[in-house]
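Below is one structure; the comments refer to it alone.
The values are calculated or read from the model by the stated rules, or taken from the named source; none is laboratory data. Remember, it's a predicted structure, so these values are computed and weren't measured experimentally. With ideal geometry, Cβ positions are generated from the backbone for all residues, glycine too; neighbour counts draw on all protein chains shown.
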Amino acid sequence: MRWFWIDRFTEFVSGSHACGLKNIALDEECIDEYCPGYPMLPPTLIIEGMAQLGGIMVAEHFQFEKRVVLAKVGKAKFHQPPRTGDQLLYRVTMDAVQEDGATVTGVSHCDGKLQAEIDLMFAFLEPGRFTDGPLYKSGDLKSMLQMMRFFHVAVDLDGNPVPIYTNI
(Lines give C-alpha, C1' and ligand atoms only; values in the text may rest on other atoms or scores of the structure.)
Protein backbone atom coordinates (compact mmCIF):
# COMPACT_ATOMS: atom_id res chain seq x y z
CA MET A 1 0.00 0.00 0.00
CA ARG A 2 1.61 3.24 -1.10
CA TRP A 3 -0.55 5.74 0.76
CA PHE A 4 -2.36 5.49 4.02
CA TRP A 5 -5.72 7.19 4.32
CA ILE A 6 -5.95 6.48 8.04
CA ASP A 7 -3.69 8.41 10.38
CA ARG A 8 -4.34 6.42 13.53
CA PHE A 9 -6.44 3.58 14.92
CA THR A 10 -8.43 4.68 17.97
CA GLU A 11 -10.30 1.43 18.62
CA PHE A 12 -10.23 -2.11 17.27
CA VAL A 13 -12.28 -5.05 18.49
CA SER A 14 -11.54 -8.19 16.49
CA GLY A 15 -14.55 -9.42 14.52
CA SER A 16 -16.68 -6.48 15.62
CA HIS A 17 -15.58 -2.96 14.70
CA ALA A 18 -12.67 -0.60 14.16
CA CYS A 19 -12.30 3.16 14.50
CA GLY A 20 -9.66 5.49 13.14
CA LEU A 21 -8.81 9.12 12.50
CA LYS A 22 -7.96 10.98 9.31
CA ASN A 23 -6.65 14.53 9.56
CA ILE A 24 -7.28 16.74 6.54
CA ALA A 25 -4.20 18.84 5.77
CA LEU A 26 -3.46 21.22 2.92
CA ASP A 27 0.03 19.75 2.44
CA GLU A 28 -1.47 16.67 0.74
CA GLU A 29 -1.53 17.29 -3.02
CA CYS A 30 -4.86 15.53 -3.55
CA ILE A 31 -6.57 17.95 -1.15
CA ASP A 32 -5.26 21.07 -2.87
CA GLU A 33 -5.69 19.82 -6.44
CA TYR A 34 -9.04 17.99 -6.30
CA CYS A 35 -11.21 21.11 -6.33
CA PRO A 36 -8.97 24.19 -6.87
CA GLY A 37 -9.97 27.07 -4.61
CA TYR A 38 -12.01 24.76 -2.36
CA PRO A 39 -9.55 22.38 -0.67
CA MET A 40 -11.28 19.20 0.48
CA LEU A 41 -10.65 15.47 0.78
CA PRO A 42 -12.06 13.74 -2.32
CA PRO A 43 -14.91 11.31 -1.62
CA THR A 44 -12.97 8.47 -3.28
CA LEU A 45 -10.24 8.83 -0.65
CA ILE A 46 -12.81 8.73 2.15
CA ILE A 47 -13.97 5.42 0.67
CA GLU A 48 -10.34 4.28 0.48
CA GLY A 49 -9.70 5.21 4.12
CA MET A 50 -12.71 3.25 5.31
CA ALA A 51 -11.75 0.39 2.97
CA GLN A 52 -8.27 0.29 4.51
CA LEU A 53 -9.76 0.24 8.00
CA GLY A 54 -12.31 -2.42 7.04
CA GLY A 55 -9.81 -4.48 5.05
CA ILE A 56 -7.45 -4.63 8.01
CA MET A 57 -10.35 -5.67 10.24
CA VAL A 58 -11.31 -8.47 7.83
CA ALA A 59 -7.69 -9.60 7.37
CA GLU A 60 -7.12 -9.70 11.15
CA HIS A 61 -10.26 -11.81 11.54
CA PHE A 62 -8.42 -14.44 9.47
CA GLN A 63 -5.12 -13.78 11.32
CA PHE A 64 -3.76 -12.11 8.16
CA GLU A 65 -3.73 -15.47 6.33
CA LYS A 66 -6.08 -14.31 3.54
CA ARG A 67 -5.27 -11.70 0.91
CA VAL A 68 -8.11 -9.20 1.30
CA VAL A 69 -9.08 -6.78 -1.48
CA LEU A 70 -11.93 -4.31 -1.87
CA ALA A 71 -14.41 -5.88 -4.29
CA LYS A 72 -17.38 -3.50 -4.31
CA VAL A 73 -18.70 -0.27 -2.89
CA GLY A 74 -22.36 -1.05 -2.29
CA LYS A 75 -23.44 2.40 -1.11
CA ALA A 76 -21.65 5.67 -0.58
CA LYS A 77 -23.54 8.70 0.68
CA PHE A 78 -21.70 11.92 1.54
CA HIS A 79 -23.37 14.57 3.68
CA GLN A 80 -20.66 17.25 3.81
CA PRO A 81 -17.15 17.69 2.39
CA PRO A 82 -14.23 17.49 4.84
CA ARG A 83 -12.09 20.63 4.50
CA THR A 84 -8.57 21.43 5.58
CA GLY A 85 -8.20 21.48 9.34
CA ASP A 86 -11.02 18.97 9.78
CA GLN A 87 -10.60 15.57 11.37
CA LEU A 88 -12.67 12.60 10.24
CA LEU A 89 -13.56 9.84 12.67
CA TYR A 90 -14.11 6.60 10.77
CA ARG A 91 -15.97 3.63 12.20
CA VAL A 92 -16.42 0.36 10.35
CA THR A 93 -18.54 -2.50 11.63
CA MET A 94 -18.27 -6.11 10.50
CA ASP A 95 -21.59 -7.19 9.01
CA ALA A 96 -20.93 -10.66 7.59
CA VAL A 97 -17.93 -12.92 7.08
CA GLN A 98 -17.80 -15.95 4.83
CA GLU A 99 -15.01 -18.09 3.42
CA ASP A 100 -14.98 -16.13 0.14
CA GLY A 101 -15.50 -12.58 1.40
CA ALA A 102 -16.89 -10.15 3.95
CA THR A 103 -19.03 -7.04 4.20
CA VAL A 104 -18.62 -4.02 6.44
CA THR A 105 -20.60 -0.87 7.07
CA GLY A 106 -18.70 2.37 7.55
CA VAL A 107 -19.60 5.81 8.80
CA SER A 108 -17.54 8.95 9.02
CA HIS A 109 -18.14 11.87 11.37
CA CYS A 110 -16.69 15.37 11.25
CA ASP A 111 -17.12 17.72 14.23
CA GLY A 112 -19.70 15.31 15.66
CA LYS A 113 -21.84 15.39 12.50
CA LEU A 114 -22.43 12.48 10.16
CA GLN A 115 -20.17 13.03 7.16
CA ALA A 116 -20.48 9.80 5.12
CA GLU A 117 -22.15 6.37 5.10
CA ILE A 118 -20.53 3.55 3.14
CA ASP A 119 -21.18 -0.18 2.57
CA LEU A 120 -18.16 -2.19 1.43
CA MET A 121 -17.63 -5.73 0.20
CA PHE A 122 -14.26 -7.50 0.37
CA ALA A 123 -13.08 -10.57 -1.51
CA PHE A 124 -10.15 -12.88 -0.92
CA LEU A 125 -7.61 -13.49 -3.67
CA GLU A 126 -6.92 -17.13 -4.33
CA PRO A 127 -3.25 -18.14 -4.19
CA GLY A 128 -1.69 -17.77 -7.64
CA ARG A 129 -4.50 -15.59 -8.95
CA PHE A 130 -3.57 -12.06 -10.06
CA THR A 131 -0.40 -12.04 -7.99
CA ASP A 132 1.91 -14.61 -6.46
CA GLY A 133 3.07 -14.35 -2.89
CA PRO A 134 2.00 -11.91 -0.21
CA LEU A 135 0.51 -8.47 -0.88
CA TYR A 136 3.24 -6.85 1.23
CA LYS A 137 6.96 -7.33 1.58
CA SER A 138 7.94 -9.10 4.79
CA GLY A 139 7.47 -6.75 7.74
CA ASP A 140 5.79 -3.93 5.75
CA LEU A 141 2.29 -4.62 7.06
CA LYS A 142 3.58 -4.90 10.62
CA SER A 143 5.38 -1.53 10.27
CA MET A 144 2.28 0.09 8.81
CA LEU A 145 0.10 -1.19 11.64
CA GLN A 146 2.63 -0.04 14.25
CA MET A 147 2.75 3.47 12.71
CA MET A 148 -1.03 3.70 12.93
CA ARG A 149 -0.97 2.47 16.58
CA PHE A 150 -3.01 -0.62 15.75
CA PHE A 151 -1.36 -2.78 18.41
CA HIS A 152 -1.94 -0.08 21.07
CA VAL A 153 -5.72 -0.45 20.81
CA ALA A 154 -6.48 -3.82 19.16
CA VAL A 155 -8.26 -6.33 21.38
CA ASP A 156 -10.27 -9.52 20.84
CA LEU A 157 -13.92 -9.84 21.84
CA ASP A 158 -12.87 -10.69 25.42
CA GLY A 159 -10.72 -7.55 25.74
CA ASN A 160 -7.38 -9.35 25.42
CA PRO A 161 -4.67 -7.70 23.28
CA VAL A 162 -4.50 -8.93 19.69
CA PRO A 163 -1.15 -10.64 19.11
CA ILE A 164 1.48 -9.41 16.68
CA TYR A 165 1.01 -12.13 14.09
CA THR A 166 4.22 -13.75 12.82
CA ASN A 167 3.07 -13.71 9.17
CA ILE A 168 2.84 -9.92 8.92
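Which residues, counting only those in region 47-72, are modelled with pLDDT of 95 or more and touching a helix residue (DSSP H, G or I) at 6+ places or on another chain (Cβ under 6 Å)?
70
Which condition number does residue 91 fail, the rest of (1) charged (D, E, K, R); (2) under 16 Å from the mean Cα position of the chain (by Cα); (3) buried (at least 17 other Cβ atoms within 10 Å of the Cβ); (4) farther than 30 Å from residue 164 by Cα being met?
Against the list (1) charged (D, E, K, R); (2) under 16 Å from the mean Cα position of the chain (by Cα); (3) buried (at least 17 other Cβ atoms within 10 Å of the Cβ); (4) farther than 30 Å from residue 164 by Cα, residue 91 comes up short only on (4).
Only strands (runs of 3 or more DSSP E) wholly contained in region 1-111 count here; list those with 1 or more residues that are out of contact with any Leu (no Cβ under 6 Å at 6 or more places or on another chain), within 25 Å of residue 124 (Cα to Cα) and of a type in the set (S, T, N, Q). Explain how you work it out, then say what you get.
On the way: elements: 8-13, 17-23, 67-78, 87-98, 101-110.
Counting at least 1 such residues, we get 87-98, 101-110.
Among the residues of region 122-165, write down those that are more than 16 Å from the chain's Cα centre (by Cα), exposed (fewer than 15 other Cβ atoms within 10 Å of the Cβ) and modelled with pLDDT of 90 or more.
Answer for region 122-165, where residues must be more than 16 Å from the chain's Cα centre (by Cα), exposed (fewer than 15 other Cβ atoms within 10 Å of the Cβ) and modelled with pLDDT of 90 or more: 152, 155, 157, 158, 159, 160, 161, 163, 164, 165.
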